[in-house]
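Inspection log for the structure reproduced underneath, given as structure tokens.
Bear in mind that the values in this text are calculations on the coordinates, not laboratory data. Predicted model, so just to flag it, every value in this text is computed and none were measured. Glycine gets a Cβ as well: all are built from the backbone with ideal geometry, and neighbour counts include every protein chain shown.
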Amino acid sequence: MSIKVAALSALLAIVPALALPTPAVAKETVLADPKPGFDNPRRIMLQLTSDDPKVINNILYNAVNLQKFYGQDNVQVAVVAFGPGMEALYARSSPVRERVESLLQYGVEFIGCGNTMETTGHRPEELIQGVEVVTAGIAEIVERQLQGWSYVRP
């Protein structure tokens with residue numbers, strides 16, 4: 001009888017382990033052809049339309065993650081800001097000025113909306129050094145999409 005009790009105890013100890021879900025395994029992202037490279041980088045725009053520091057930081061993390069995934073030489077990242085998102089790009093008030101300056105050094109392009117600046121009474125000199133200005137941020141997104149850029153609104 002003691003052998004049966006020991007066997008039953010061992011079986012009961014194993015059963016709960018069998019019912020546990022298996023941990024998720026990361027699946028590699030399959031790169032589409034043509035593969036990204038120095039001569040054929042992925043071109044990705046991120047839209048920035050919020051002045052919430054959490055949202056802004058999330059978008060900047062996305063830019064970093066894209067460079068990590070593809071490799072800095074295999075991707076072009078542009079952050080296009082308009083509306084309240086412009087607050088991230090003004091040197092005096094940006095809650096993320098140091099991060100923007102750092103990402104500019106790593107080749108991330110920051111583009112500000114001239115229409116928003118005009119409406120809010122800002123001048124190009126007020127932007128973080130290295131930020132570009134276009135007439136209309138939303139039109140910049142449209143035109144870059146037509147040129148083959150991928151558009152992401154995080």
(message) For a quick check: with amide H placed at 1.01 Å from N, whose amide H comes under 5 Å from residue 43's, ignoring anything fewer than 5 positions away on the same chain?
(response) 76, 150
(request) Quick one: work out Rg over Rh on the C-alpha atoms of the chain, Rh as Kirkwood radius. (result) 1.33
(message) Residue by residue through the range 111-125, what is 3J(HN,Hα) from phi via Karplus (6.51 cos²θ - 1.76 cosθ + 1.60, θ = phi - 60°)? Round to whole Hz and write x for glycine and proline.
(response) 10, x, 8, x, 4, 4, 4, 5, 5, 9, x, 9, 10, x, 5
(request) Would you count, across the chain, every pair of lysines whose alpha carbons are under 22 angstrom apart, provided the pair is eight or more residues apart or spans two chains? (result) 4
(message) If amide hydrogens are placed 1.01 Å from N in the peptide plane, which non-local residues have theirs closer than 5 Å to the one on residue 79?
(response) 46, 109, 110, 111
(message) What's the ranking of 130-141, 103-114 by average number of surrounding C-beta atoms within 10 Å, highest first?
(response) 103-114, 130-141
(message) Only bridges whose two residues both fall in the range 26-152 count here: according to DSSP, what percent of them are antiparallel, nearest 5?
(response) 10 percent
(message) Output the 0 to 90 degree angle, nearest 10, between the alpha-carbon long axis of helix 2-19 and the longest principal axis computed from the alpha carbons of the chain.
(response) 20 degrees
(message) To test your reading of the geometry: what angle, between 0 and 90 degrees and rounded to tens, separates the Cα axis of helix 137-146 from the longest principal axis of the chain?
(response) 70 degrees
